[in-house]
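A short write-up of the structure that comes next.
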Amino acid sequence: MINIRAEVKQEKSNQANSMTNPRTIIDKVWDSHVVVQEPDCPAVLYIDLHLIHEVTSPQAFEGIRKRGLKVRRPDKTVATMDHSIPTLDPSLPIADAQAAQQIAQLEKNAAEFGVRLYGMRSPNRGIVHVIGPELGLTQPGMTIVCGDSHTSTHGAFGALAFGIGTSEVEHVLATQCLLQRKPKTCEVRIDGRLSPGVTAKDIILALLAKIGVGGGTGHVFEYTGSAIRALSMEERMTICNMSIEGGARAGIIAPDDHTFEYLVGREFAPKGDDWDASVQRWKALATDEGARYDKSISLDASALQPMITFGTNPGMGIPITSRVPDPNKVGDSSQKLALEKALRYMGLQPGESLLGKQIDVVFIGSCTNSRLSDLRTAARLMKGWKVAPNVRMLVVPGSQQVKRQAEAEGLHTIFKEAGAEWRESGCSMCIAMNGDQLSPGQYAVSTSNRNFEGRQGKGGRTFLASPLTAVAAAVTGVITDVRALLED
Amino acid sequence: MSHFYKFTSRLAPLLVNDIDTDQIIPARFLKATDKSGMGDHLFADWRYQSDGRPNPTFSLNQEAYRGAEILLAGDNFGCGSSREHAAWALKAYGFRAIISTSFADIFKNNALKNGLLPIQVSAHVYRFLNEAVERNPRFEVHIDLDEQRISFGEGSSEIFPIDPFSKYCLLHGVDELGYLMKFQEQIENFEATH
């Protein structure tokens, strides 16, 4: 049986051995962070960056407080508030007493344990997965965790980044380490050029439609191929962000010149000689020629169309010109049931086209699609149009920095003149904890990541899509193939 | 503690695939700063009508399944967010184990850390249990964590997989953070060269 001992030597021989075999980037980052590997036990994995937010941390801080422990590495721990905060005037008191208490608790915990907090009044506050990269905290080769499943976002930089539960948040606070089994690896190869109107969001929605919401369970995805290389860092973040929606805890992309160009000069990025040395080190992270994956998936980007979901999980997606699937044509009985249940909730008929379907709300935001390039893309299409009279449109920038940059470019004016609401940053209607939510029965086209029942408000019904498709729906009032507007 | 992991219980069926953590506990109940009261919010949007009264069609509200300590759920249970509140809510409601054909990774970790046993069974056994509970809501299964065995019907059983370390911790009441804390010196050495 397992012999749990305190005195164990690091297994250097194992590490040395693995150096000689071709390794994936996932193996390389993993190997360089194993502190201890006892037989039959999970590895003690060192964590370089621990991100904290108000919802999943209070019970973890309480845990270490009860044990009389400190935060082991406050210098590697960064907190912000994003989930339950209002996106209206931040100078007003928070109306929701419970949310206010949760936010006050994070302020108290951060002060007590010496953790850096980007709080309500910080110019660097924002969605945790937007500010990490933005501040240069997120770097290639790191291990990054957060009590949030969309931590997979940071994998876009070649970091091994994954979401953890609150017990594990407590473990990392106390020890800067986690007990982890090595995940399996899966190459997701995406080649080909995207057509006009087709974006990174459509790539990931198409992948999820192909593999389903459990297709990646137990694996880390490494995204490779010419289509991935052509993407900007913000587009790569959109893809890695939704890896978890396929069941993969993490998605990773080997760093390249796009990565280095994005990072250079950012507040916490290495500087001077340290920068040059870091880039050399980061370049060596790429998967070695001949390295083997446990599994492989491929997707042809050139064949993709704008995607939209029709159901109640992110794997229930179709090209926007396709029809809603018919449960009677599904062989597997439990899948048939799931599809019937989803269509009932969504109020959709089998075989129905989504094009022309009237919608009530458009939400542009979330850690998936709220960065400056998302807002630029949306504003460019929006210019000269008005939000349709039947539609309420919210544009919620991912961070206060994104908000300021967008305002400096005048993007907010385009949105506001069109009739959209321009908000302060936060998770907002993606998780509907802060009052930004759908009413029962409302239909939303949303750039966020989850269309689960009630996700955007109890009884609300979500169609996930790209920022382009969201704008097309906002200005026409119905689900629209954005390519028709691009041709105008 | 080990006696806890040898028990017999009826099953509460929730035969839906891909039950996500937003269904297990909707986000509006995540504003608490402690772990108390989560059981009341378990499956809130399925379990209660809009007037707040129990939804009579929801299986957990049916008399036959009251007191069942095992949830029988569809494939890929616990997908979606990392909220440990999902495990807390299931535990607080009174569940000691979930049986499914697969579990989402983060949920599985969270469950194991809270003494909630994720029992992965074959599609064949899942179908069998499904039909058995449909025929007889009082149908019982026996769980033995030490043997990793789920027994049911007349002499039928199946071995279920579980991470050996998690099993050891559950059976012997090992505190995982306590275990990690023993590696202080190795962590310091690692940090010195990392």
Item to check | Number of the exception - A:PRO90 against (1) in a strand (DSSP E or B); (2) under 29 Å from A:GLY398 (Cα atoms) | outcome: (1)
Item to check | Single match in B:ASP45, B:ASP22 (criterion: outside any loop (DSSP other than H, G, I, E, B), within 10 Å of another protein chain (Cβ to nearest Cβ) and open to solvent by less than 20 Å² (accessible area, probe 1.4 Å)) | outcome: B:ASP22
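Can you pull out the residues in the stretch A:329-361 that are polar (S, T, N, Q), modelled with pLDDT of 95 or more and either open to solvent by less than 40 Å² (accessible area, probe 1.4 Å) or not in a loop (DSSP other than H, G, I, E, B) (or both)? I'd like the intermediate steps shown before the answer.
Of the residues in the stretch A:329-361, the ones polar (S, T, N, Q) are A:333-335, A:349, A:353, A:358.
Checking the rest, the ones that are also modelled with pLDDT of 95 or more come to A:349, A:353, A:358.
Passing the criteria: A:SER353, A:GLN358.
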Checklist entry - Just to be sure, is A:HIS219 surrounded by 23 or more Cβ atoms within 10 Å (Cβ to Cβ), free of Cβ contacts under 8 Å to residues at least 12 places away in the same chain and not β-branched (Val, Ile, Thr)? => result no
Checklist outcome for this item: Checked A:GLN305, A:GLN349 against criteria (without any contact (Cβ under 8 Å) to a residue 60 or more places away in the chain and among the polar types (S, T, N, Q)); the one match is A:GLN349
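Taking the stated definitions as given, is B:LEU72 within 13 Å of chain A (Cβ to nearest Cβ), crowded, with 16+ Cβ neighbours inside 10 Å, outside any loop (DSSP other than H, G, I, E, B) and in contact (Cβ under 8 Å) with a residue 40 or more places away in the chain?
Numbers: within 13 Å of chain A (Cβ to nearest Cβ): yes; crowded, with 16+ Cβ neighbours inside 10 Å: yes; outside any loop (DSSP other than H, G, I, E, B): yes; in contact (Cβ under 8 Å) with a residue 40 or more places away in the chain: yes.
For B:LEU72, the condition - within 13 Å of chain A (Cβ to nearest Cβ), crowded, with 16+ Cβ neighbours inside 10 Å, outside any loop (DSSP other than H, G, I, E, B) and in contact (Cβ under 8 Å) with a residue 40 or more places away in the chain - is met.
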Item to check | Enumeration of residues in the stretch A:136-173 that are assigned to a loop (DSSP other than H, G, I, E, B) and at the interface with another protein chain (Cβ under 10 Å from one of its Cβ atoms) | outcome: A:GLY147, A:ASP148, A:ILE164, A:GLY165
Checklist entry - Does the stretch B:81-102 hold any residues that are out of contact with any Asp or Glu (no Cβ under 7 Å at 6 or more places or on another chain) and of a type in the set (Val, Ile, Thr), and which are they? => result B:ILE98, B:ILE99
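For every residue, the table says whether it meets (1) among the aromatic types (Phe, Trp, Tyr); (2) within 11 Å of another protein chain (Cβ to nearest Cβ); (3) surrounded by fewer than 20 Cβ atoms within 10 Å (Cβ to Cβ); (4) in contact with a helix residue (DSSP H, G or I) (Cβ under 7 Å, 6 or more places away or on another chain).
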site: B:SER82; (1), (2), (3), (4): no, yes, no, yes
site: B:TRP88; (1), (2), (3), (4): yes, yes, no, yes
site: B:SER100; (1), (2), (3), (4): no, yes, no, no
site: B:SER122; (1), (2), (3), (4): no, no, yes, no
site: B:ARG135; (1), (2), (3), (4): no, no, yes, no
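Please state which one of A:GLN180, A:GLN176 is within 11 Å of another protein chain (Cβ to nearest Cβ) and on the phi > 0 side of the Ramachandran plot. It would help to see each step written out before you state the result.
On the way: A:GLN180 fails: on the phi > 0 side of the Ramachandran plot.
So the residue among A:GLN180, A:GLN176 that is within 11 Å of another protein chain (Cβ to nearest Cβ) and on the phi > 0 side of the Ramachandran plot is A:GLN176.
Residues in the stretch B:157-165: is at least one part of a loop (DSSP other than H, G, I, E, B), within 13 Å of another protein chain (Cβ to nearest Cβ) and in contact with a Ser or Thr (Cβ under 9 Å, 6 or more places away or on another chain)? Can you show your working first?
Kept after step one, since they are part of a loop (DSSP other than H, G, I, E, B), are these residues of the stretch B:157-165: B:160-163.
From what is left, the residues that are within 13 Å of another protein chain (Cβ to nearest Cβ) are B:161-163.
Add one more test, that the residue is in contact with a Ser or Thr (Cβ under 9 Å, 6 or more places away or on another chain), and what stays is none.
There is no residue in the stretch B:157-165 that is part of a loop (DSSP other than H, G, I, E, B), within 13 Å of another protein chain (Cβ to nearest Cβ) and in contact with a Ser or Thr (Cβ under 9 Å, 6 or more places away or on another chain).
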Next on the checklist: Just checking, does the stretch A:367-390 include any residue being crowded, with 18+ Cβ neighbours inside 10 Å, within 14 Å of another protein chain (Cβ to nearest Cβ) and either more than 29 Å from A:ALA156 (Cα to Cα) or modelled with pLDDT of 95 or more (or both)?
Outcome noted: yes
Checklist entry - Pick from A:GLN280, A:GLN305: which is assigned to a helix (DSSP H, G or I) and either open to solvent by 20 Å² or more (accessible area, probe 1.4 Å) or on the phi > 0 side of the Ramachandran plot (or both)? => result A:GLN280
Checklist outcome for this item: Per the list (1) farther than 30 Å from B:ASP18 by Cα; (2) open to solvent by less than 10 Å² (accessible area, probe 1.4 Å); (3) in contact with an Asp or Glu (Cβ under 8 Å, 6 or more places away or on another chain), residue check on A:ARG266 breaks on (2)
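The values are calculated or read from the model by the stated rules, or taken from the named source; none is laboratory data. The structure presented is a predicted model; accordingly, all values stated were derived computationally and were not measured. All Cβ positions, glycine included, derive from the backbone under ideal geometry; neighbour counts span all protein chains shown. These accessible areas exclude ligands, DNA and RNA; they are computed on the full protein's heavy atoms, side chains included. Shrake-Rupley method; radii C 1.70, N 1.55, O 1.52, S 1.80 Å.
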